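Asks: Supplied in structure tokens, the structure appears directly below.
All of the numbers you see were taken from the coordinates with simple rules; none came from a lab. Keep in mind it's a predicted model, so treat the numbers as computed, not measured. When we count neighbours, we look across all protein chains shown, and the Cβ atoms used for this are built from the backbone with ideal geometry, even at glycine.
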Amino acid sequence: MATINYPNGDQYIGEIHEGEYIGSGTLLFANGDKYVGEFKNNRYHGVGVLTYAGGDRYEGQFESGCYHGRGTYFYANGDKYNGVYENDRQHGRGMFNFANGDVYIGDFEDDKIQGEGTLTFASGSKYKGQFENGQPHGKGIYLYQNGDRYTGDFINGEKSGIGTKTYADDRPAKKGQWNNGRFIPTKP
């Protein structure tokens with residue numbers, strides 16, 4: 001076990017082999033950031049916890065200094081991501097809990113909600129289907145809190161394309177073309 005104090009105020013406490021951090025250790029940064037976990041070749045590697053001075057925290061697997069594998073990221077604003085990382089990016093299956101109570105479970109790509117998933121809103125409404133750049137895009141089903149339901153196409157988060165909206169009450173369904181969230185009635 002060794003302690004190394006750097007001129008910039010950083011400090012390493014842990015195992016060293018041939019001058020490199022290896023095994024378990026703690027790295028304290030002058031800016032208030034802190035890493036506790038495993039090292040290999042002077043880099044975060046294995047399981048660890050990286051706490052940022054601003055309040056964010058990552059707990060999980062690292063590879064060559066990057067978030068890589070399973071991990072949980074706690075944001076200072078109350079958001080939380082739990083899932084797969086690849087080279088510091090949310091990439092693969094995961095769950096994102098938003099501070100406002102919304103919850104997304106599904107695919108991520110390059111830190112974006114992308115692919116198939118389900119977004120449950122704090123209001124009780126729910127969207128299940130395809131996403132692109134964090135928005136419903138492609139085929140999907142939107143279940144409204146009041147029991148109404150839309151099944152069809154979405155573009156950039158809006159009902160657009162062919163779709164059907166059915167109502168929980170006795171109103172007739174709207175089936176056909178939609179554009180930017182609005183039903184386009186067919187002309188007789």
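Asks: What Kirkwood hydrodynamic radius, in Å, does segment 45-188 give when the mean of 1/r is taken over all pairs of distinct Cα atoms and then inverted?
Replies: 16.8 Å
Asks: Only loop residues by DSSP count here, and only those with at most 11 other Cβ atoms within 10 Å; note down the GluC sites (Glu not before Pro) in segment 1-99 that meet that.
Replies: GLU18
Asks: Hey, another quick one. For segment 67-74, take each phi angle, set θ = phi - 60°, evaluate the Karplus expression 6.51 cos²θ - 1.76 cosθ + 1.60, and give the result in whole Hz per residue in order, putting x for glycine and proline.
Replies: For segment 67-74, the Karplus-derived couplings read 4, 7, x, 7, x, 10, 10, 9 Hz, x marking Gly and Pro.
Asks: Quick one: if the Förster radius is 45 Å, what FRET efficiency do ASP148 and GLU15 give, using the C-beta to C-beta distance and rounding to 0.05?
Replies: 0.15
Asks: Please state, to two decimals, what the Cα-based radius of gyration of segment 5-128 comes to when divided by 2.2 N^0.38 Å (N = residues).
Replies: Taking N as the residue count of segment 5-128, the ratio is 1.23.
Asks: Can you pick out the pairs among LYS128/LYS187; LYS126/LYS174; LYS126/LYS165; LYS40/LYS80; LYS112/LYS174; LYS112/LYS165 whose Cα atoms lie more than 21 Å from each other?
Replies: In this structure, LYS128/LYS187; LYS40/LYS80; LYS112/LYS174; LYS112/LYS165 exceed 21 Å between Cα atoms.
Asks: Taking one equal scatterer on every alpha-carbon of segment 110-188, how large is log10 of I(q)/I(0) by Debye at q = 0.12, 0.18, 0.24, 0.25 1/Å?
Replies: -0.34, -0.72, -1.13, -1.19
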